[in-house]
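What follows is a set of notes on a single structure, which appears directly below.
What follows is calculated from the coordinates using simple rules that are stated; it is not laboratory data. Not measured: the values here are computed from a predicted model. Because the Cβ atoms are built from the backbone with ideal geometry, glycine has one as well, and the counts that use them run over all protein chains shown.
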Amino acid sequence: MALHALLHLLNVYYQGCLPYNVLVITVCTMLYKLFFSKSFYCRFRRFGRPWYLPLLPSKPVHDLVAQGYREKNNEPFVVRWWARDWLVLPPKYLRDVKHSNSESLSFFRAIDEALGLHYSVGNLYHSQKMSEVIKKGMNTQLPTLTEPIVSEVEHAIESHIGTSKEWKEIPAARTISRLVNQVACRMLIGPELCRDQAFLDATLAFMESIFFHAIITIAVPFGPFRRLFAKLVAFSHRRNLRKAMQMLQPLVARRIREREDDESKSNRNNDGIQWTLDLTEATKRDPYQISLEVLHNLFAGSLAPGSMVTELVFQALMDFNLLEQLRNEASQAIELYGWTEKLLANLPLQDSFIRELNRVYPTGATGCSRLVMDKSFTFHDGLTVPRGTRITFPIQAVLHDVDNFENPSVFDPYRFFNKRSTVSEDHATEYQWAASTATPTNLAFGYGKHVCPGRFYCVRQCKIIFTKILVDYEIGWSSPMKERPRRDEIEGQFGTNKSQTIRVRRRG
Ligand code: HEM
């Protein structure tokens, strides 16, 4: 009788949109969870709606995380994120994450869980190989990459922004993400496809559909059927993946053949395919697998830098004096060093500006997310969590904490410039305050063993693109702006404003 009444209530609650059988199974699962399941997460205070009322309005994830950080004062708490419970840990536990490798705490397995990547690529994210490709391949080649990055940036800016000396209006995020994707494709895939518009469009559609699929999957209250539903909705994402793979696989197959025919020929390439093949035993060089790995490194290395450059442009446009100071610094450095490695090391204001941008506007409210892989994991103070626990850190709250920064809500482009100006002779301080140096209070690129290995390349590439725009173009808002373009928020992730337009014209 009670079960029948509950079913009736839920039917009204879900407005009759769930079939009766689905309702029965959903209710049984809820009752089981309520009375018998001893979820580890139940031991901690939860912020947000309870799991058994998924349609109840709830605050956005970033607000819940900020509230938890304030109220729990250095203690863990739980939020629902990407339709799962996550244990949000205070920063005192970052030191434990610092030294833990992927066998204990895995970043890849955590994003696999959050975004449902296994629905399209199986167990690709069970291996650390993609990260190794960046560490052992790209990072060891960084000095040799400046020249090809500069040359690709020049081509990409000319094709996406143009060379007209007349003002023209452009959609900022769309234009910049396309030009950054071209440059990222040049480095992470290779010269053959990076100017092929069909391929560039296919890669952008593939990358964007990863998030789209994840969002659709959590948007519908399918309860215990979510996994089944996720497999079905991954269909359109898999189609986008197939499209990009159809163009990429023949190239990878050709590179494998060339390598087999003549090992020395492979020395000509210095890009993502090459670095991935370098780390793959000859007998395991499967074009499909290598293409998947290369494409998913592009996913890591293209979308976020595209947003970062767009945000740099928006932020610079908020303050005309700052824009001029950045431009002067860039012009003087180019005069002294040309478009070389040295240029990138001699833009201290721009570097501080990038780090401050990442502090005030990180890409997510949470970060340093990990899945516990060991049977259990014990933190330095004895807190023990079982295998399978999802942990994350409230990074936005940490970066806005008055205990960590003076006037944390103020955007101060000189904040880190001033700190690094008190440099000791051995340059230790300079490195400490650099945009790409991860510390417990510079968390935009994560922290510890899984800290973003692409951050060095990323900051270089962003500096080259931003500097080119500064010195070669006049830029302005297309209509007067009173405040910064608002960012979109979905599941604690912040996306650049897509509708904002700016105007540009070639200088000189
Ligand atoms: C604005 C640009 C970028 C941002 C904000 C960003 C951010 C991040 C963050 C937060 C992580 C997780 C780190 C952790 O939890 O400790 C990460 C991991 C990773 N990033 Fe980036 N990233 C960016 C650019 C790039 C680029 C350009 C590449 C490749 C060239 C890249 C490749 C990777 C890889 C392979 C991992 C996985 C590391 C591992 O599991 O060991 N990222 N990134």
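Which angle from 0 to 90°, rounded to the nearest 10, does the C-alpha axis of helix 226-261 make with the longest principal axis of the chain? Roughly 40 degrees between the two axes.
Distance between the 7 Å Cα→Cβ label points at Arg257 and Lys419: 5.3 nm.
If you stretched the chain out fully between Lys92 and Ala219, how much longer would it get, using 0.36 nm times the residue separation minus the C-alpha to C-alpha distance? Can you show the working numbers first?
On the way: separation 127, 0.36 × 127 = 45.72 nm, distance 3.30 nm.
The Lys92-Ala219 span can extend by a further 42.4 nm.
Axis angle, to the nearest 10 degrees, between helix 320-337 and the longest C-alpha principal axis of the chain: 50 degrees.
Selection among Met308, Leu292, Leu277 by position relative to the dipole of the stretch 264-313 gives Leu277 as farthest towards the positive end (Cβ unit charges, Cα centre).
For a 25 Å ceiling on Cα separation, which of these pairs sit above it: Lys136/Lys419; Lys98/Lys463; Lys59/Lys231; Lys72/Lys98; Lys72/Lys482; Lys135/Lys342? In this structure, Lys136/Lys419; Lys98/Lys463; Lys59/Lys231; Lys72/Lys482 exceed 25 Å between Cα atoms.
When each of His62, His160 is scored by the number of other beta-carbon atoms lying within 10 Å, the sequence from fewest to most is His160, His62. Approximating the spin labels as points 7 Å out from Cα along Cα→Cβ, the Leu232-to-Arg46 distance works out to 2.6 nm. Taking the C-alpha atoms only, the angle from helix 455-472 to the longest principal axis of the chain is near 50 degrees.
Cβ-Cβ distance of Leu383 and Ser127, R₀ of 25 Å, FRET efficiency by 1/(1 + (r/R0)^6): the value works out to about 0.30. Rounded to the nearest 500, the 222 nm mean residue ellipticity of the chain from helices alone is -17000 deg cm²/dmol, with -39,500 (n - 2.57) taken per DSSP H run of at least 4 residues. Express in whole angstrom the spacing between the alpha-carbon centres of the stretch 435-484 and the stretch 78-125. What the calculation gives is 24 Å, centre to centre.
Between Ala282 and Asn270, the simple spin-label model (points 7 angstrom out along Cα→Cβ) gives 2.6 nm. Each peptide in 196-203, 353-360 was scored by the mean count of other Cβ atoms within 10 Å over its residues; highest first, the order is 353-360, 196-203. Think of the chain as having a plus end and a minus end, set by charges on the Cβ of Lys, Arg, Asp and Glu; of Ala230, Thr429, Ile176, Ala230 sits farthest toward the positive end of this dipole.
Between the listed residues His99, Ile157, Thr146, the Cα displaced farthest toward the positive end of the dipole of the chain, a dipole computed from Cβ unit charges relative to the Cα centre, is found at His99. Counting every other Cβ atom within 10 Å of each residue's Cβ, Thr163, Thr283 order from fewest to most as Thr283, Thr163. Straight-distance candidates among the aspartates and glutamates for linking to Lys168, with alpha-carbon spacing under 13 Å and chain neighbours fewer than 8 residues away dropped: Glu474.
From least to most packed, judged by other beta carbons within 10 angstrom and beginning with the fewest, Arg415, Arg486 follow the order Arg486, Arg415.
Taking 15 Å as the straight-line reach from the Cα of Lys449, the aspartates and glutamates in range (excluding those fewer than 8 positions away in the same chain) are Asp96, Glu103, Glu132. Here r is the Cβ-Cβ distance between Arg484 and Thr163 and R0 is 41 Å; the resulting FRET efficiency, rounded to 0.05, is 0.90. For the chain, the dipole from Cβ point charges (+1 on Lys and Arg, -1 on Asp and Glu) about the Cα centre works out to 1620 debye, to the nearest 20.
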